[in-house]
Every structure is written in structure tokens, then in C-alpha cells.
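Beneath this line is the structure, given in C-alpha cells, with notes to follow.
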Amino acid sequence: MFAKILDWTELKLSPKEVYLEMGYGDVPPDKRTVSGVEDMLAKAKLEVVPRYCYTVVKGYLKGGELQIGNHSFRLGRIISRQLAGADAFAVFLATAGLEYEQWRKGADLLDAYWADVIGSVVVERCADRMEEALQASIDKLGWRRTNRFSPGYCEWHVAEQQWLLPMLGTPNPCGVKLTEGKLMWPVKSVSGIIGLGDNVSYQEYKCHNCQLASCYKRKH
């Protein structure tokens, strides 16, 4: 398993990304929001410790299921089509960290909202850095990668995280654990798989083919 704790500057996170996550789009935020977000970002820089880890495993697809070791993941047809042709699979986890949860817990109501949005952006940027590190490692093999896919995306049930995380080789990888409802804690965490090999490619998410309105990848 490869694991890394990120320095804040490695996230390459800008206030604009936070405003986009808040839904501002092309409309500029009001001065109070700008001031509040910038203040919270300055605090997050001192408090939040994002980190990620991943491991590469062998597996094979059959129908809408992915067999890795002794477990068969029911991915569904949409994800399975995207992963078709993979020679191996990266199991990954990225998180804003326990430090983030402690920092958010101490905020008042409005600051807690801004902290929540910042946490969402932080974990996405952390996962992006994970993908860059993964790509650098598979470049040596001449491999390409697919998009990253997570439990809760399309037809892949979120409960299957209980079998995914142990593949990272430690009970609580990156300090993340599962609740009784099979959700991750800290909340601002994302796990999943990425297809690797000669015969895969990175494509845009096929949101128009998926009916899961609550998916975190769905922006519209």
C-alpha cells in the first residue's frame, strides 16, 4: 500500500472552487461570503491534514460483478462497462482527516456550513492528487487508468465499503473507520476503485445514464 499525508499547498485549492461547490457558478458571491470563506480557508490551512492511500490488486469482471480475492463486488452495468479491459484495479481512499472533523465541530452555524463545503472540496482535491501519484506509478508499466468509482455511485451499493477498505491492509486506513451503517468516518472521505491497464481509458462520468439523483458526482 502507498500512503501519503498532503501538505495544504499540494491540494492547489482556490476560493473559486469553494464558491462553485456552493453553487455560485458564474454569479460572484457577496462580500460576506467572500470574507467568510477566505477566513475559513486560512484556518483550514492550519488545522486540516488531508491524506490518501491506495493499493493495486488483481481482479476480474464477470457481468456486473468484480471479483477481487474472496469477494465479489456488485458494481452494476454502468461501472462495469467503464472498467472493462482492465488488467488490475487500484483500491483507494482519500480523506480530509480526523483533524478536519475536530476543526468543523468547533465552528458556529455559518462557519460550520463553510467548513462543510471546504471539506467536500478538500477530499476531492486529495483524491485528484492520489490519481496523479497512481498515474506516475503505472506510467512505468505503460498503463492507463479509468475514472475513479466509489460505492454509492450508480448501482454500486454504499454498504460494499465494508469489504473494500480492508483491502488496504489495515483496520482503519488513513484513520478512516466505518459506522454501523457502513458509512465512512470522517464523513469527508471517499473510497473506490480505478481500472488499470493497456485497454482502458479515462472518460467523462456518464451521469445521463445513471438515475441516482443523490450521487456525489452529479452536479446538475
* Would you point out which residue out of Arg81, Arg32, Arg51 is surrounded by fewer than 16 Cβ atoms within 10 Å (Cβ to Cβ), of a type in the set (D, E, K, R) and either modelled with pLDDT of 95 or more or within 21 Å of Tyr153 (Cβ to Cβ) (or both)? => Arg81
* Near pairs, Cβ below 8 angstrom, 6+ apart or cross-chain, from the stretch 132-144 (without any contact (Cβ under 8 Å) to a residue 40 or more places away in the chain) to any residue that is open to solvent by 40 Å² or more (accessible area, probe 1.4 Å) -> Gln135/Arg145
* Which one of the conditions (1) of a type in the set (Lys, Arg); (2) part of a strand (DSSP E or B); (3) buried (at least 18 other Cβ atoms within 10 Å of the Cβ) does Lys4 fail to meet, given that it meets all the rest? -> (3)
* Asked: Restricting the stretch 158-172 to residues that are of a type outside the set (A, V, I, L, M, F, W, C) and in contact with a Ser or Thr (Cβ under 8 Å, 6 or more places away or on another chain), which is least open to solvent (accessible area, probe 1.4 Å)?
  -> Gln161
* **Options Lys16, Lys62, Lys12: the member that is farther than 30 Å from Leu141 by Cβ and open to solvent by 70 Å² or more (accessible area, probe 1.4 Å)** => Lys16
* Structure fact -> If we keep only residues of the stretch 84-99 that are in contact with a strand residue (DSSP E or B) (Cβ under 8 Å, 6 or more places away or on another chain) and open to solvent by 10 Å² or more (accessible area, probe 1.4 Å), then the residue nearest to Arg125 (Cα to Cα) is Ala86
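The values are calculated or read from the model by the stated rules, or taken from the named source; none is laboratory data. These figures come from a predicted structure and were not determined experimentally. Backbone-built Cβ (ideal geometry, glycine too); neighbour counts: all protein chains shown. To get the accessible areas, we keep the full protein, side chains included, count just its heavy atoms, and leave off ligands, DNA and RNA. Shrake-Rupley method; radii C 1.70, N 1.55, O 1.52, S 1.80 Å.
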